[in-house]
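Colleague: Handing you this structure, nothing more for now.
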């Protein structure tokens, strides 16, 4: 059964095909509705609140001819002690796919292990593969024109600033190894990429080209993209004061953004906290493509779902 739990669950060739399909679906969105999920029901099993993820998946399932079913973890028996394994086996009898937004990455792995329908990781504390594919597609749109989307990513440098041990940083490290991108991360020493992502790279024998530094200007030097994310993710609220103090030197100011390439793009997966991880002038900069990212969640995730449905 095909699943999309991490960036490398698709090969480079498959990822390239997903990008091509996303472009096609985006261009033809107003045309006759495709029937990739015709009469199928896909469940969204969420333990974390969401704007972009929930809306883009619900709209995407509908536009592919399917029916979205939203399930908050606390509204079903999983929130009252039913095991993940039993939940997976029961839901697989009812729905055609599971889209999961939760805390522990082991939960999506267990749902995939025990279920009999495709499972998509819509975010865990370890990885956020749908966002990374969306971001890469968004950049490829700019760099490739009408050419090969996937190939346009190779050799490009992305600088990630702030919490470099978060799920987005992990996903850029892993995704960069698939896309052939150079990933430079800058953050406090205590937030360096952890053993979990390093072990995953080792297990998959992936020659990831990434640099970690505590110097934000070193990271953004010659960068094609400057990327950041919130400093206090869901579940980390009790650490807010300490995190804000530690991350302050890594805020993307106009000066720091100007140290990247003259045509570099600024990206943020949103929601943003103006004046914390990025200045308002950077968030609103002409080369900020944060809302293109947000829109492209819809098109990229439709391509991912259609690909999995065709392979199931």
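Colleague: Restricting attention to region 41-67, report how many residues are assigned to a loop (DSSP other than H, G, I, E, B) and touching a strand residue (DSSP E or B) at 6+ places or on another chain (Cβ under 7 Å).
Modeller: Qualifying residue count, region 41-67: 4.
Colleague: Of the residues in region 150-168, how many are under 15 Å from the mean Cα position of the chain (by Cα) and free of Cβ contacts under 8 Å to residues at least 60 places away in the same chain?
Modeller: Counting residues in region 150-168 that are under 15 Å from the mean Cα position of the chain (by Cα) and free of Cβ contacts under 8 Å to residues at least 60 places away in the same chain gives 2.
Colleague: Follow-up question, since we're still on this one. Can you tell me which residue in region 68-83 is surrounded by the most Cβ atoms within 10 Å (Cβ to Cβ), limited to those that are over 26 Å from the mean Cα position of the chain (by Cα) and not in a loop (DSSP other than H, G, I, E, B)?
Modeller: Within region 68-83, the match that is surrounded by the most Cβ atoms within 10 Å (Cβ to Cβ) is 77.
Colleague: Hey, another quick one. Is it the case that some residue within region 21-30 is in a loop (DSSP other than H, G, I, E, B) and farther than 27 Å from residue 141 by Cα?
Modeller: No - not one qualifying residue is present in region 21-30.
Colleague: Same structure, new question: Quick test of your reading of the structure: residue 306 fulfils all but one of (1) surrounded by 15 or more Cβ atoms within 10 Å (Cβ to Cβ); (2) over 23 Å from residue 189 (Cβ atoms); (3) modelled with pLDDT under 95. Name the failing condition by number.
Modeller: In the conditions (1) surrounded by 15 or more Cβ atoms within 10 Å (Cβ to Cβ); (2) over 23 Å from residue 189 (Cβ atoms); (3) modelled with pLDDT under 95, residue 306 misses (3) alone.
Colleague: For residue 136, indicate whether it is over 30 Å from residue 149 (Cα atoms) and either surrounded by fewer than 24 Cβ atoms within 10 Å (Cβ to Cβ) or outside the structural domain of residue 302 (by TED's automatic domain parsing) (or both).
Modeller: Considered against the rule, which asks whether it is over 30 Å from residue 149 (Cα atoms) and either surrounded by fewer than 24 Cβ atoms within 10 Å (Cβ to Cβ) or outside the structural domain of residue 302 (by TED's automatic domain parsing) (or both), residue 136 comes out as no.
Colleague: Something else: Mind listing just one residue for me: the one in region 148-176 that is part of a helix (DSSP H, G or I) and in contact with a strand residue (DSSP E or B) (Cβ under 8 Å, 6 or more places away or on another chain) and, of those, farthest from residue 126 (Cα to Cα)?
Modeller: 176
The values are calculated or read from the model by the stated rules, or taken from the named source; none is laboratory data. Computed from a predicted structure; not experimentally measured. Virtual Cβ from ideal backbone geometry, glycine too; neighbours counted across all protein chains shown.
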